[in-house]
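The next block holds one structure in the form of structure tokens; read it before the comments.
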Amino acid sequence: MIRHLIGLLVLLVAGLVYPWIFPSALTVGVTILLFAGWATAWDILGGWAGQVSLGHASFVGIGAYFVAIGATEYALAPWWSILMAIAVAALLSLAWGRLTFKLHGPYFTLSTIAIAEILRLIAINEDWLTGGATGVFIDWMPTPFGIDLFAREAQYYLALVFAVGVMATIIWISRSRFGYQLRAVREDENSAMAAGIDPTRTKLKAFMLSASLTAVGGGIYGMMLSFLEPHILFYLLLSVQIALTGIIGGRGTIWGPLVGAVLLVSAGEIFRTSFAEANLLIYGILILLVILFLPSGIIGEFNRRLTRRLYARRAQG
Amino acid sequence: MKRILTAAIAAPLMGFALPAAAQVEIGVVNSLSGNFATFGERYLTGMEVALEEVNANGGINGEELELVIQDDRSEAQSALAAVEDLENEGVPLIIGSYASSITGPMAQLMTRQEMPLIVLGSADNSITKPGSDWVFRAKHNSTIVAGTYFDYFDYLREEHGEDDLQTVAMLYGNAAWPVSLAETGKELAEERGYEIVGDEAYDQGTSDFRPILNNFRAEEPDILYVVAYAEDGVAITRQMREVGLDTKVLAIDTAAALPNFVEQVGDSADYVATVVSWSKDVQYPGIEDLTNRLREAAGSEPSFYEAEGYLALMVAADALRRADSLDRDAVRQALDETDLETPVTTVAFDDFDGFKNQNPIRSLMLQIQDGEHVTVFPEDLAAEDPTYPNPSWDDR
Amino acid sequence: MPDALKAEGITVRFGGVVAVDNVSLSLQPKGILGLIGPNGAGKTTLFNAVTGFVPMDSGKVRFFDRDVSSEPPYKRAQAGMGRTFQTERPFEELTVLENVLVSAFLKEPRRKDAEKLAMEMLKRVELDDRYDQPAGDLNLARRRRLELAKALAIQPRVLFLDEVMAGLNPPALREMIGLVRRLSQEGLAILMVEHIMEAIIELSDHVIVLASGQKIAEGTPQEVTSNTQVIEAYLGTE
Amino acid sequence: MAELVSLLQNLSNGLLIGGVYAMIGVGLTLIFGVMRTINFAHGDFVVMGMYTAFVFNMILGWDPYFSLLVALPAGFLMGVLLERVVLAPIVDKPHETSLLATLGISLIIGNALLLIFGGESKSVHVDYASMALSLGEVKISVILLIAGGVTALVIGGLYLLLHYTEFGRSIRATAENRLGAELVGINTRRIQGAVFGLGMMLAMTAGVALIPLLFATPTATGPILTLKAFVVIVLGGLGRVGAAVAGGLVLGMVEVMGAAYIASAYRDAYGLLFFLIILLFKPEGLFGRSVKRV
């Protein structure tokens, strides 16, 4: 516990120092923090509860669009829009989970793709709802305490708060009753039921929490882009990137998704600026290598070895 | 391997170390990898041709012009990171990018940072309407393109009688550009007295248009107005013939403007009409020379994409020469006062109809005649007369 | 005082096969009820039907004064049915303590209390020295005891043991028998499905014998083992 | 009358498009049946088939179908190799590990094609690309008919292979019950490699057969086809070849009817919605055998 809280503190300090070290890479910083938050939120469902979703872009889209439509159509400040987005994401995930949680393994994963794709088509075609395919410009943001929310610095600190908040949530979950219920359901639903745990309810809670947190990050992402098109926000590839970040780092671990985000986003950025056309090819090779050599993810593999070493050391001495 | 890695890590930091000696650098954000790389390649070719021309003619007031090119991986957040990076390197302006989902966020950011952006490929109205003081577009937009289509239809009406062209059916992909062009088209149809008898969007990646085309066949539209990217346009044309959907005018935007459209569709491509910002047979001085250079650089028949890449860089170079400074405000001022003639088109940035810093470019209507793209409208720039009406598929 | 468990007319069908055919049983609040029968007799199915893991086609299950017939397994667990699984399934990625903690949280929502409870349960099954070992690394006998600790940690009123003796070597078997007896003496009612006659005879107050889904005999261990029908069922005219 | 003609027209188109989908799905269903792996690179395998046909057409002027001579063995070998190097080492990891691995393969194939051939979409133009046979007023696309014929041939051949050869029986046994297959002495690891090879071969065959009809864009086409293939195999019933055909036909029909009579903008949604309903209420697929789990 103490270990994790120190980790959180280190993250916070590193996050606060980053803008001084890399003043001209704030966009990359925001991207890392958003992906860290998203992947950690994804991991509540995908890692801790063991239900791999490839539909989380839907919740990013909901967060971003609530902020955009709220600001442009109703002059609504983003915090109110994000609150609404949280509510909508929670309700949507509740219905979504009720519908699909009887599916397991790859079947559940396929169903998330299908639902997210249907939502993408709705976002593109129903222009009364989203502004449609031609997109929405965010042309206004409030200035609380004189802070310009369009400024990348402001967005950076918002993203930092978001990432730290999600990390704190997962640290709390990992120690709590809920966290053990999640792991029990992931490992074996029958054993979980024998311990008095309602698996469906547990998964629903995980999905709702995961979706709501993802939507919060989506709101910040919307502010950063400040021009939204459904194509890129409800995009299957974004869902895949979020899941990928979580899995590469280590599913069901506290620090895995963060490590995944730091690795993938910064590798992506370095490859982008150094290898031009070949950058995505090299990125693909990197992913494959990590999967082959660290199949439980970076932190996952580390934790497995650590637990065994700690036990062995205590048992001997 | 080790060397590559070192280079990779060092590369982003190099910008600090290298002093800019007797050269002017401008930033380019372009889609070189990812889904839009097809277009990115062509734009790059066009810019390289322009770069060679600029430097052969004395560069920017004697200093060599250089491009600092960054890939945006066809995604918005990478483009924004690239802008930040380029701003840090001190470039006075940036050219970019292709998709509106990428160019839109760039425009927002650069307006905030007060840095001039010359739009490379994105044609959506939304980029320059309402627009900003810092965003300039030399190429066309949805309003201009849709206007050219309907001017052409009106012109055919004048020539052949109003009753001849009455009904329009529309078919378009669900991406930003096709939707925005279709929406503008619908407004114009209403204004100018055309009846819309069919209106269908499709999800991109669909390659079977038969159900839609069959429905249209029952409506017998005079005009079919299609907005589709390359492969969709080819599939639509092939399937129209297969289904036997005859129209007097067949307009296919974007897809039909590419040289290999004819290769992929064969003789069914004939009579298809399409609007472009540039054509190799347009009556502007220097056109032949430019076409040859573009062809050589591309290694194939050049398209409007290469031409637009060329145009964007020529506009940038012209403004930098006149500004005679790397100060962003001075460059913006110079861009504002642009009055340039190129073999692609003439450029001046105006505010009109709610647009800001938009070149009121004269778009061209091409028709494919005997497998060649030929400029047929407007009359003063035309190389040939349009063939009208399209013969029925059975008679070909 | 009502019976701890009263099941009446339990019938379970799989497709066309009747796995359990109209079986009734009852368990006193402090007794050990043994459920035996040859392979495929329907013992485990009956056991799963009573604990809610297999849906019944007909029948009623009363747990103390509560009708749990239509309740899902986790509700029955919450009501106090603690069970083990025949193929023991520890949460392999968790440590031994964490495995038990999952169950302990049912009655003790606060981590500190739950941890204390879990540790006590580990002591009861003599696994406390391995509390931080990954459960996946335990050997069979220890996994069995871990299963037991998990079932105990929900602080059940009745313990359901599904073949906890199977596959144990003689010393481990003796240990397990002692452990079950101790639990019973501490006041827990126990229903055990078992293959190992030795254990059943030693432990049970009352035994039910199943064959082909039907109850063929019932009584004290001595009565049952001398029953000719039972001997036939076991020795086989199959 | 006109409406009846248009209905018949749509029905026949739905069937023919369904044949195309079946072609894309059949390799995936085989892989899923044996390996329980969601192969995210399947669409990219199809695209590789398309590029094979394109390259031989461009350089040697071959008719696209002729390049099957190259695509078949190449597909099989590459599949076996990929399985050996990438998937076999992680076979006992959770399913999402192999899912990610195939995702990595997909990224690599797409971007390698982009580097080699550039981003422009590729197609082979054949003279019969827009020909149609007329049956009364209903028109039947020649090229879809040819694709349908190839589908029938390939799937017929696969059926024979699976049911009348020792190798095929081993594959089916492994798909049905891996442990049982191992007990009777089948080397399921080898079968797995061979099946992946077979799956990739079928995907590349589909690519070759479809190049006159569809377009290959390095990174964009693959995922679209992969998604279609997922829908096909779930609709029909996972893991069975005949069911993939049925699934393809159903998907073709649902899409065409939805596009013709509801709204074409939601074309993909009809298939996906149908896919969800099947997943939720008849997870063994429309035509799969019912499996009761005890």
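Each reported figure results from applying straightforward, stated rules to the coordinates on display, with no laboratory input. Owing to the predicted nature of the structure, the values given are computational and were not obtained by experimental measurement. Because the Cβ atoms are built from the backbone with ideal geometry, glycine has one as well, and the counts that use them run over all protein chains shown.
Screening chain D for whole DSSP H helices of 24 Å or more along their axis (Cα) with average Kyte-Doolittle hydropathy at least 1.0 returns D:2-35, D:42-60, D:95-117, D:142-164, D:188-210, D:241-261. Straight-line cross-link reach from A:Lys203 at under 20 Å between alpha-carbon atoms covers these aspartates and glutamates, not counting any fewer than eight positions away in the same chain: A:Asp43, A:Glu187, A:Asp188, A:Glu189, C:Glu71, C:Glu92, C:Glu93, C:Glu98, D:Glu96. Membrane-span-like helices in chain C (whole DSSP H runs, Cα extent of at least 15 Å along the helix axis, mean Kyte-Doolittle hydropathy of at least -1.0): C:140-153, C:170-185. Summary of packing: across the peptides D:199-210, D:141-152, the per-residue average of other C-beta atoms within 10 Å ranks them, highest first, as D:199-210, D:141-152.
Other protein chain C-beta atoms within 10 Å of residue C-beta, averaged over A:182-193: 6. D:Arg36 to B:Glu64: FRET efficiency via 1/(1 + (r/R0)^6), r the Cβ-Cβ distance, R0 41 Å, to the nearest 0.05? Given R0 = 41 Å and the Cβ-Cβ separation, E is 0.10.
Using the Cα gyration tensor of segment A:28-316, with a ≥ b ≥ c the square roots of its eigenvalues, what is the shape: rounded (a/c below 1.5), prolate (a/b larger than b/c) or oblate (neither)? Prolate is the answer for segment A:28-316, as a/c is 1.5 or above and a/b outweighs b/c.
If you sort the three axes of the alpha carbon gyration tensor as a ≥ b ≥ c, you get a/c of 1.5 or more for chain D and a/b no higher than b/c, which makes it oblate. Dividing the helix sum by the residues of chain B, where each DSSP H run of 4 or more adds -39500 (n - 2.57), gives a mean residue ellipticity at 222 nm of -14000 deg cm²/dmol. Separation of the alpha carbons by more than 30 angstrom is noted, of C:Lys107/D:Lys93; D:Lys139/D:Lys282; D:Lys139/D:Lys228; A:Lys102/C:Lys215; A:Lys102/D:Lys228; A:Lys102/C:Lys43, for C:Lys107/D:Lys93; D:Lys139/D:Lys282; A:Lys102/C:Lys215.
Sorted ascending by nearby beta carbons within 10 Å, beginning with the fewest, C:Lys30, D:Lys228 become C:Lys30, D:Lys228. In whole angstrom, note down how far apart the Cα centers of segment A:226-242 and segment B:211-237 are. The two parts, judged by their Cα centres, are 29 Å apart.
Helix A:199-225 and the longest principal axis of the C-alpha atoms of chain A enclose an angle of approximately 40°. Quick one: among D:Lys139, D:Lys93, D:Lys282, which has the greatest mean-square fluctuation in a GNM of chain D with alpha-carbon springs under 10 angstrom? Residue with maximal mean-square fluctuation among D:Lys139, D:Lys93, D:Lys282: D:Lys93.
Let's test the formula: R0 of 22 Å, r as the Cβ-Cβ distance of C:Thr228 and C:Glu202. What FRET efficiency results, to the nearest 0.05? Efficiency at R0 = 22 Å is approximately 0.45. For the listed peptides B:340-353, C:191-204, a ranking on the average number of other beta carbons within 10 Å per residue, highest first, reads C:191-204, B:340-353.
Both radii come from the Cα set of segment A:72-220: Rg as radius of gyration, Rh as Kirkwood radius; their ratio Rg/Rh reads 1.04. The separation of segment C:144-181 from segment D:1-65, counted between C-alpha centres, amounts to 57 Å. Exposure proxy shown here: for D:Tyr128, A:Tyr283, C:Tyr234, the number of other Cβ atoms within 10 Å sets the order, fewest to most, as D:Tyr128, C:Tyr234, A:Tyr283. Calculated FRET efficiency, D:Leu60 to B:Asp394, Cβ-Cβ distance, R0 = 30 Å: about 0.30 to the nearest 0.05. Is it possible to state the helix-based mean residue ellipticity at 222 nm for chain C, with each DSSP H run of 4+ residues giving -39500 (n - 2.57), the sum divided by total residues, to the nearest 500 deg cm²/dmol? What is it? Calculated at 222 nm, the ellipticity per residue is -11000 deg cm²/dmol.
Between 0 and 90 degrees, the angle of helix B:76-89 with respect to the longest Cα principal axis of chain B falls at about 30 degrees.
Straightening the chain between C:Asp113 and C:Glu126 buys 2.7 nm, computed as 0.36 nm per residue apart minus the Cα-Cα spacing. Counting Cβ atoms of other protein chains within 10 Å of each residue's Cβ and taking the mean over peptide B:232-241 gives 4.
Residue ranges C:40-53, A:89-102, A:223-236 sort as A:223-236, C:40-53, A:89-102 when ordered by packing (mean number of other C-beta atoms within 10 Å per residue, highest first).
Arranged from fewest to most other beta-carbon atoms within 10 Å of their beta carbon, B:Ser33, D:Ser67 become D:Ser67, B:Ser33.
Largest first, the three principal axis extents of the alpha carbons in the protein assembly as shown are 114, 74, 54 Å in whole numbers. When both segment B:183-204 and segment A:93-155 are represented by their alpha-carbon centers, they are found 29 Å apart. PRE reach from A:Arg308 (point 7 Å along Cα→Cβ): which of segment C:121-165 fall under 16 Å by backbone N? Under 16 Å, as judged by backbone N against the label point of A:Arg308, lie C:132-139 of segment C:121-165. The distance between label points at C:Glu92 and B:Thr346 comes to 7.7 nm (points 7 Å beyond Cα on the Cα→Cβ vector). Using a 7 Å offset from the Cα along the Cα-to-Cβ direction at both B:Asp327 and A:Asp139, what is the distance between the two label points in nm, to one decimal? For B:Asp327 paired with A:Asp139, the spin-label model returns 3.1 nm.
Residues whose amide H falls under 5 Å from that of C:Phe14, counting only those 5 or more places apart or on a different chain, are C:Ala19, with hydrogens built in the peptide plane. Taking the longest Cα principal axis of chain A as reference, the axis of helix A:152-175 is set at about 30 degrees. GNM on chain D, alpha-carbon springs under 10 angstrom: the most fluctuating residue among D:Ala243, D:Ala220, D:Ala53 is D:Ala220.
Coupling constants for segment B:282-298 follow from the phi torsions by the Karplus curve (6.51 cos²θ - 1.76 cosθ + 1.60, θ = phi - 60°), and in residue order they are 6, 7, 10, x, x, 5, 5, 4, 4, 4, 4, 5, 5, 4, 5, 5, 7 Hz; glycine and proline get x. For segment B:150-296, the Kirkwood radius over C-alpha pairs fed into Stokes-Einstein at 37 °C and 0.692 mPa s yields D = 204 µm² per second. Averaged over the residues of A:127-139, the number of partner chain Cβ atoms lying within 10 Å of the residue Cβ comes to 5.
With contributions of -39500 (n - 2.57) from each DSSP H run of at least four residues, the per-residue ellipticity at 222 nm computed over chain A stands at -25500 deg cm²/dmol. Modelled spin labels at A:Ala168 and C:Arg181, positioned 7 Å past Cα toward Cβ, are 5.6 nm from each other.
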